[in-house]
Every structure is written in structure tokens, then in C-alpha cells.
Amino acid sequence: MGHLSEEIINKANILLEIYPNKRSALIPLCHLAQGQDGYLTPEAIVEIADLVGVTPAEVRGTASFYDMFHLEPVGKHVVAMCTNIACMLRGADELLEHAQESLDVGIGGTTQDGQFTLEEAECLAGCNNAPCVQVNHRFFGPLDNEGFDRLVEDLRSGKLKDEVPEHGVLNRVDRNYGLKATPDQVQAERDVMESAKKERLAKKSEAN
Amino acid sequence: MTSSDQTEDKVELDPSKVKLTIDGIEVVVNKGELLIEAAAKAGKFVPRFCYHPRMEPVGVCRMCLVEVDSPRGPSLQPSCYVPADNGMVVNTQSEAVKKAQNGVLEYLLINHPLDCPVCDKGGECPLQDQTVAYGPGESRFIEEKRHFAKPIAISQLVELDRERCIQCSRCTRFSEEIAGEAEIDFLGRGDRTEVAIFPSQPFDSYFSGNTVQICPVGALTAKPYRFKSRPWDLEQVESTCTSCSVGCRVAAQSSANQVVRYLGIDVDEINQSWLCDRGRFGFESIYSANRLQAPMMTISGYLQDVSWAQAIEKVAEVFAEHQLKGADKIGIIGGSRLTNESAYAYTKLFKGLIGTDNVDAAPFNLGSINSLYGLKTATINEVAESDLIITIGSNLKETAPILFLRIRDAILKREAKLVEVGPYSTPLSEYATHVNVNFSNFSEVISSLLNGDSGSENKQITLAAELLKSVAQTADANVSVAIVYSSIDANRPLDNLEAALSKLATFFSSVTVRYLPVLSKPNAMGALDMGMYPNLLPGRSVLSSAKLLKEVGWEKLPTKAGVDATNLLEMAAASKLDTLVLIGTDILTDFYDLELAEKAVANVKNLICIDTHINSTNAKATCVLPALYDAERSGSFTNMEGRVSKIASKVTGPSLAVDDWAIAVQIADSMGEDMGFESLEEIQDEISQVAPAYFGFSKGLNALGESGVVVPMGSKPVSIERRPHDPIEVPGIASTNHQGTPLYAGAVIPSEYSDENTFKVGSVSMSNFRLVAEFKEITLEPKSAVSGGTSGDDNNSNSRPADIDRNICEMVVVESLMDDGTLIKSAATLSEIKTDNVAKISPSLANSVGCHAGDSIKLKLGSAEAEFDVVVDSGVAENTVIVKKLDASKVLYGSNGLLVEVKK
């Protein structure tokens, strides 16, 4: 029996269908596999490689490029803390230092209870709430030291269970297989655009 | 530049050419050619790391930035990525370019450890050289460099030092693009990028050595060369690899009279700079402890060192007896290890002076001499340029790895079609229409392929048949088909191969069809061409056409054809043969019927072995003569295409070993005969005079240099246009060249070769060229093709090996590159690579015997049995068991129907 569940294999097969090249499905399949295990296990990588027709080394190499894929086990909550300019000006570096102290892990480390993995991130596009953090891709901020500790406490106690799902389940692939629009719909939209353009041109020439 | 200028330029030019200006020099190059190559044609060298002429450009290292004029002013562009176009103005020397080069080098060196004094690459390192030539001289980087454990072994042959890596991606691209097995890839991003394998899967590619060869820094090193030499101690010579019948061109490099490294030379016609690991690292067998150091004779039951005088005396005495009476009581097996010159010398000794025709170079799986010589041969380039390639028989990756690369390249880059007829699916199958076949149903399968209707139960046959038909029906002589063939089984000649080939010839009669035989032994073609086979004489002629030879002293030439290896061994086993001479062949491990070989060795009176290493057969010899080997000897080599190229000596051999041709001359001399030559040149001259297909070959060989020359002389047009020399392509060769040992010593390639008085290449044929009448095109008789799938077995009337009981199943023995022959066994590093002892079976057979992947099975043939691990492979033909030609399978030769049992 393979490592990936039957459900994932079924989803994978649907995904493989919608790309002209099998290997294009590599990233979505990695998301699926990470959804199962929380990180990309060697077993999953071997199976994905087999599914998309590349070598395990290539799958691992490709996945390693992206911060959202983990090649090592991570905690239930992946805390990504932005240290880019807006957040930095609002004290992100100090917050990151505090986070390391209070969680007792280094950057990239996972707490001993397996609850938290702390990451330093580039801009998360949450500058309006700087300094901001993402926990399993959900935004929190602006945060000060106390706010961060409270957030950690709430996550630990399960208070935010509904708001912050467990790591690994955020999965665009899960929600959406391929194009939602049919080719007919796409064509219809294009036609509308074309006719609108013609109208505009006609008005323009009239004006001239 | 005005637009009218441009129009003028275009009018003047051939549409496939473009004209551009590089540093003020106008050059005309092919459209689409990259600026970096165009610059080379203008005599300008652009520094580079990632660019390799045999791989697709990627433009990642940024070292080759040049300034290109554009409407918005000059801009820096990577010259390895921008194609040349009409009217371009390129500057490779501007201030901006120099500043960019400075910057790129300073950047590349940020994390480079600068451990040049202890780095194997130091002295031949493009990073080192180009930093001196184009670099800033100083770095502003004072922070801590990144650190990695160094070096780590990524396979048993290759070690990786990630600190030295500059991420040029040459190695990862090679393994994906050229070898098709991306077992290494980049891991991580930005300054954390490293080359990595997948943890449980080492970089065990057959082509891994090439990544070391093209690494522009010291990141990848090969174990056999690590810390063996400094580049400035190296000497080199251009030679030919003798590990298979492809005959790749190599630079054999030595230090202190010891071969330390082989590098592939970029020869367009053959290996295009690549080598397989067997060819690259096999040289270590020169220094094996098993190497024969002195002549030996069995004296009072023990094999003991003796002097050459004693040994030659003994051998001459035996031979002289046979010369006097009983020339049919001596037999000679082997010879594919030899150079052409040595093969000629032995043929002359045995056929011309002793008078026996029992000589067989024993390329055991050869089809027939008729098809080998009668069919129109394809060169490797012609195969790669064909529209349709049909491979019959062996897995080319195992038997001719570089040919495999060339065919793969043809399919991917030129979209050539491939039909693969073989016993199991190979790495080429994913690009091919694979048709499964085993030894016994070969004729049927070929018939149904050509007849088109196979009862349609086999989809692959139907698909392949359609493809063949569509090509044959184009009836266009410009459409070309190449048939690359060998036996299905490593041990058994395929008796109906010739019939199948002639059927194919008839089928494709309206298009151009050519054939390439994949011989299983290195210089088998050369040995046959020099007459080492019953009824053959040098130069592809036969006994009846011996007139020329009589003039140069072949006085005792027999008139009746002799017998081949199998029959010789049978005679020996029945004590009907007095003397058996083995030349570089270890019949007790290599011959397909071990029982017969053992009997023969036990019952023959004199067993004389001329060999390089001690092996199980010559350990029982009456007399063993040590010969030179590999880079110790000079001569020529004829590959599967019939291409003759030079083997050059670089080092001296063990003190008492002698080159084979000299052994023959000494024996003849001791017999009181005169061979008529005393040097290699004299042999070459004699071959040039008396061997029809080789008339003029010595001159041709010298004139053409690196690509060699295809025999029969003048039969193939040869291009002598070379790409501009790229010193970074194979850094190890260029740097050794600079140090004063030019690679092409003695074989300078003239830029325009037009000496009317000597051998002329290309369209003008040689005045004295003649092809022997006996081997005209095979007469095409598509016998029994009409009857459909009923031929095959019925025609197969030969006695050996035994018929197969098809109710049980059939064993097909296939060759593997890393086998357990003398070469691999005696090469220090290669011998450590584990060969897996597996039997491949089809899922249906696995079902019927009830075994799963990972189980052990027992194969029984007659009274012999052997155990294997099972691999269930849907690519294997039904009712067929595929085993490698390794020790474990050897006990199974030559018995009746195979039984498969699951071992619990």
C-alpha cells in the first residue's frame, strides 16, 4: 500500500488530468501530500515523483524552493513573522526576539510539545497591521510582546480552533480543481469585452 | 545603422546566415547561433561557466555578459542565451562588460572557499583562471562564508563539495537533459542553494563521471582521481576507449607514468564529449593486482614465472608442430581486446604461417558475417539523423551507453521515431513504441510487425506496425531508417536475425535504410576485419580471394574454412584438438556453456593464453604470455560503424609485458619464419596494401585525426569542419594542452585538407579502392514472409542452445554495463559497485507462480539452479525471465526449459 491515502491519490489523478504536462501538477500534489502529513515526507516525495514522472531528487529540489513546503516535521501551528520594512519599523525584530525567547525555539525551530514552529518571513502583505504574523496562513496584528503571548496562549488552549485550522489543511487545491469557468463561459466573456472595445473605438472615431 | 543598410545585408546573404559585428569584426554565422559561439568565430573569447556547447543554454552564471547595441542604446546581455541576428553590434570588451565581469566574479567568490591549494581542480579550474583574467583581484566581502560538510559522497564514484559549487547547473542539467536521470538537483534557494541527491537514492547513473568532467570548479570530484595528481603534472594523449564497440574518443591523462584519468573528447561523430563510467574509470584495471607481470608456464603442476625465452620457445615448439602436420588440430579463440595491428599479426601467424583457419574472435552474440558485411552500415551520426530508428535486441544503455545517449538525443531534439524490439522495456522505451519479444518468438514478432495484422491482441505490435508502414509508404529516398541490431540474448546468436534483417530491407526498399550492428565486444569489428574468424581474411575478404596476401608471405593459407569457437571447444572436449590458444578471453567465466568450456580446458593438451590479467582460465594454462593493455599500447581500433581510430600509448606497462603484435612476431621468429614487419608502422603499411577494405587506412587515419575514418575507405563522406575550440567545455583537456602536451600530437587536423596525392576525404573516392565481391549487398529473399507467423522456431535447426520448452518459460540473459568481466573486476573503484542479482519477470508470470516484488525465486534449468531477487516489471515479455549475465546466472546456460519456483 502506498503512503498517500486513497483520497489523495484520487484527487491527484484529477489534477494530473487538467495539465498538459504531468509535471505541472507537481506543486499542487505537494500541497496535497503536505495536507496529509503536515510536511513532505520522503515516502510522499517518492510517490509524487512517480505520479508526475520525475525523479524524487527533482521533487525535493522543487519543493525546497518554496517556503510554504516543509521537508522536516513542523508544529501544529506554523508562525511566520514578517521582518520586512514596514513591520521592522514597527518593532518586528524585537518581537521576533521575544517570540524566540517565549517559545524557547530558534528561527525555523519547533517547540518541544510540537505545537509551534517559528519562521521569519518576507513581506506577508499585512503592512496595515504591522508588525504582523501569520499562523497557518491566518493574519494577526499589530502585535506587541503581550499580544503575541496572548495569541500563543489562545492557540495552545484551543480557543482559536475555528479561526486557525491546523497546519497543512490550508490548501487551495482542496477548494478548487482546475478552471471553474468552462471554455464557453470564457469565450462569452471575451466576446463581451470585444464588443465593448469596438463600441469605444466607434465613439472615439465619431469624436474625431 | 540605417534600415537600407540592413536590407542590403539581407539581400546578399543566404537566408540561413546572419551577419553581425563583434568588436568591430564582421562575421557571418548561422541564424540562431548563439552570440557566444559567434564571438568565437570572430576570434573573441567570452568567459563563461554555465554554458556548455552540448547542452541547452540557461544563462544562469552571468559570466558571459556582453554589450549589444539596441535602439535604446547598448545593454548587457548574456551571450550564451542571445541568438545572433542580422546587423547586431556586439562589444565583448567594453568598460561596462569588464565591470560586469568583475562584479560577477566577485559575487561568485563570496561563498567560494578559496581552498585552491588542496583542491584537485586547482591548476585547471575555469573559476581560478577566469578570476585571474577577468576578476577584480580583491573582494569586499569580509563576512563569514557559508559552510557545508565537505566533501560528501553522492555515489560510489562521485564526491560533492558544496562549498566550492557556484551553481552553474552544468551537472544537474547534464543528468536531466543528456542522461535523462535527474538524480541530482538543486535544493533550497538563494544563498542556501546546494546540489543534492534524494537521501535514499545515490547518484548511481552510468554517466555520473561526465558531471565531474564538466564541473567548472572543484565541487564534483571522482574518487579514482582524487588527490592523484596536480594538473600541471599531467600529460595526455588522444586515444580510443576500448571498453565497448562504440569506440569513444578519449584524452588519456597520466602523471608520473601512471594513467590517472580519462576525459571525453568532443568528437561530433561519436561521443560528443561524453563517456560512460565504465569507459571513464575502467583504466584502473591497468593497475590491478591481478595484472600478469611475466610469462608463466605450468611446471610440475604449478604455474610459475619463466623467462620470455623459455615461454616463446615452448609456444614456438607447439606451433611449429602444427605447422608441419595437423594445422586443423589447433584452435584460436578471442581477439576483440586486440588492436587492429595485433589482430592482423595474429591472423598472419595462424592463418598465413601455421595454416589453420580455426580462428574465432568470438563475439558470441554476433548474427552472421553476411549481415555484418553485406548490409549498408549506418554511422552513429546517420542513426541520430534518421527519421525512424528501429532497435533490435539488447538494451543499448547496457551494451553501448554512448549510442544510447545519441539515440535519446535524436528522439528528444529531432523528434526521430523509435521502435524498440527487445525482451524488456529499457530507458528508451518511454520515448518508443516498445515491442516485446523473446528469443523463441522473434521471427513471429518481426513477421507480424511487417504484415501489420497480428491478430490485434497485441496493441504495441499494431502500433509499431502502423508506424513502420507509414514510413515505408512515404516512398521517399530522403526518408531514412536506421536499424540498430544485436542478438536478443547475450549468449546466443539469433539465427533468424539475418532473415529478419533482409525482410526489413525488403519492407523499407523504397526509403533509405541503413544498419548498425551492436557488437558485444570492444574491438570485435577490428578483429573480424583483420580476419579473425573462420573463412575471413584481412580487409573483409574471404579465403578464396587471397592473392594479395601470398605476396606478403602468407604462404600456408588454408583453403578450407575452419570451425568456430563452439565447435572448437567441442573438439577440445572430445580430445580432438591438441592446442587451444586463448587471446584475451576467459572462457571459464565468459563462454555461454560453462560445462563445455570446462571440459575443453580439461581435455586439451596445450592451453596457451595471451592475456593481461590472471583469470580462472589462464590459471590452468600450459603457458601464459603477458600482453600490454589499454593506454600502454598503440595501434588502431575499429568500432561498430567500421570507424577506425587511433589507440595511443601513454604509459609503459608491467616490465615484462609485451605488445601483442610483438609477441606474434617473436613466436614466428622462433619458429624460423619471417612475419615481414618489425614495427607498428610496417604492419599498418602492410594492412594498407593487402586488406581491401583498409586500403590506404594509415594515411586516412593520420589525416583525419580525432574522428577517425570509416572503412571501407571513401564509403562515407567525412566532415572535417570543427566547432571552435571551447576551453571551458572540458576544462581538464584544455589546461593540459596549455601545459605543453598538445592533445593532437601527430594528428594535426588541417583546416583545409586537399592534398590530391594522398587519401582524399568525402566525395572523391580513392583510386585504388575496391570492395571485395563476396560481400555485396545481401540478396533479399523474404523467405516465409508470406506464411505469416509460422516461421521462426521451425527454421531454427541448430543444435545449441537447447530448445525452449515454452510451456514453462524462457530465460533471456542480458548484458549489463557493470558486469563481472575482467575489466570491472580488476578496476578498483568500479569493482566496488554492487550489482544487483535480480530476475525480472512479467506481472502475469509473477501471478502464475505466485511471487511478489522482493521475493526470492529459484530458477532451475536442467540440473542447475540459481537464486534471484524478483523484480516484477510490466515491460518484460510474457513467460520470460530476464537475468543479467553475471556469476549467478552463469550456471544456468545451455539446458532445457526453465522452471521458476518461489523460495519461501
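List of remarks:
- Sole exception among (1) on the phi < 0 side of the Ramachandran plot; (2) modelled with pLDDT of 90 or more for A:ALA125, by number: (1)
- Only a single item in (1) among the hydroxyl-bearing types (Ser, Thr, Tyr); (2) touching a helix residue (DSSP H, G or I) at 6+ places or on another chain (Cβ under 7 Å); (3) within 14 Å of chain B (Cβ to nearest Cβ) is not met by A:SER5, and it is number (3).
- When B:ALA828, B:ALA802, B:ALA864 are screened for being of a type in the set (Gly, Ala, Ser), modelled with pLDDT under 80 and exposed (fewer than 15 other Cβ atoms within 10 Å of the Cβ), only B:ALA802 passes.
- Exclusive hit being in a helix (DSSP H, G or I) and in contact (Cβ under 8 Å) with a residue 40 or more places away in the chain, set B:VAL665, B:VAL601, B:VAL624: B:VAL665
So that you can scan it fast, the table gives a plain yes or no per residue for (1) under 24 Å from B:TYR373 (Cβ atoms); (2) in a helix (DSSP H, G or I):
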position	(1), (2)
B:LEU449	no, yes
B:ALA465	no, yes
B:THR474	no, no
B:ILE483	yes, no
B:SER487	yes, no
B:SER502	yes, yes
B:ARG514	yes, no
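- Residue check for B:VAL66: farther than 27 Å from B:ARG408 by Cα, at pLDDT 95 or above and surrounded by fewer than 19 Cβ atoms within 10 Å (Cβ to Cβ): no
- Scan of segment B:232-245 for residues that are surrounded by fewer than 21 Cβ atoms within 10 Å (Cβ to Cβ) and not in a strand (DSSP E or B), ordered by number: B:TRP232, B:ASP233
- Segment B:605-627, residues that are touching a helix residue (DSSP H, G or I) at 6+ places or on another chain (Cβ under 7 Å), surrounded by fewer than 24 Cβ atoms within 10 Å (Cβ to Cβ) and aliphatic (A, V, I, L, M): B:LEU607
- The single condition among (1) at pLDDT 95 or above; (2) under 24 Å from B:GLY732 (Cα atoms) that B:PHE45 does not meet is (1).
- The residues of segment B:172-206 that are surrounded by 20 or more Cβ atoms within 10 Å (Cβ to Cβ), assigned to a strand (DSSP E or B) and either in contact (Cβ under 8 Å) with a residue 60 or more places away in the chain or more than 8 Å from every other protein chain (Cβ to nearest Cβ) (or both) amount to a single one, B:VAL195.
- Where B:GLU144 falls short, out of the listed (1) under 24 Å from B:LEU830 (Cβ atoms); (2) away from chain A (no Cβ under 14 Å): (1)
- Given (1) modelled with pLDDT under 90; (2) surrounded by fewer than 24 Cβ atoms within 10 Å (Cβ to Cβ), index of the condition B:SER254 fails: (1)
- Residue match in segment A:86-108 (condition: within 14 Å of chain B (Cβ to nearest Cβ), of a type in the set (Asp, Glu) and assigned to a loop (DSSP other than H, G, I, E, B)): no
- Criterion: of a type outside the set (Phe, Trp, Tyr) and within 30 Å of A:ASN145 (Cβ to Cβ) - qualifying residue of A:ALA86, A:ALA63: A:ALA86
- For B:GLU106, the requirement of being farther than 30 Å from B:LYS413 by Cα, out of contact with any Ser or Thr (no Cβ under 7 Å at 6 or more places or on another chain), modelled with pLDDT of 95 or more and acidic (Asp, Glu) is not met.
Each row is one residue, and each column tells you yes or no for (1) over 30 Å from B:ILE824 (Cα atoms); (2) of a type in the set (Gly, Ala, Ser).
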{"residue": "B:ARG406", "(1), (2)": "no, no"}
{"residue": "B:VAL419", "(1), (2)": "yes, no"}
{"residue": "B:LEU428", "(1), (2)": "no, no"}
{"residue": "B:VAL437", "(1), (2)": "no, no"}
{"residue": "B:VAL484", "(1), (2)": "no, no"}
{"residue": "B:ASN496", "(1), (2)": "yes, no"}
{"residue": "B:ALA505", "(1), (2)": "yes, yes"}
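- Checking each residue in segment B:391-417 for being closer than 25 Å to B:GLU810 by Cβ and in a strand (DSSP E or B) picks out B:THR391, B:ILE392.
- Residue match in segment B:220-231 (condition: within 13 Å of chain A (Cβ to nearest Cβ), at pLDDT 95 or above and crowded, with 23+ Cβ neighbours inside 10 Å): no
- Yes/no for A:ILE8 being among the β-branched types (Val, Ile, Thr) and over 25 Å from B:THR172 (Cα atoms): yes
- Residues that are over 16 Å from B:ALA100 (Cβ atoms) and free of Cβ contacts under 8 Å to residues at least 24 places away in the same chain were ranked within segment B:71-88; the one that is surrounded by the fewest Cβ atoms within 10 Å (Cβ to Cβ) is B:PRO71.
- Annotation for segment B:147-164: no member residue is under 18 Å from B:GLU56 (Cα atoms) and of a type in the set (Ser, Thr, Tyr).
- In the set A:GLU72, A:GLU122, A:GLU58, only one residue is within 14 Å of another protein chain (Cβ to nearest Cβ) and within 15 Å of the chain's Cα centre (by Cα); that residue is A:GLU122.
- Tally of residues being within 13 Å of chain A (Cβ to nearest Cβ) and crowded, with 22+ Cβ neighbours inside 10 Å across segment B:159-171: 2
The values are calculated or read from the model by the stated rules, or taken from the named source; none is laboratory data. Keep in mind it's a predicted model, so treat the numbers as computed, not measured. Cβ: placed from backbone, ideal geometry, glycine included. Neighbour counts: every protein chain shown.
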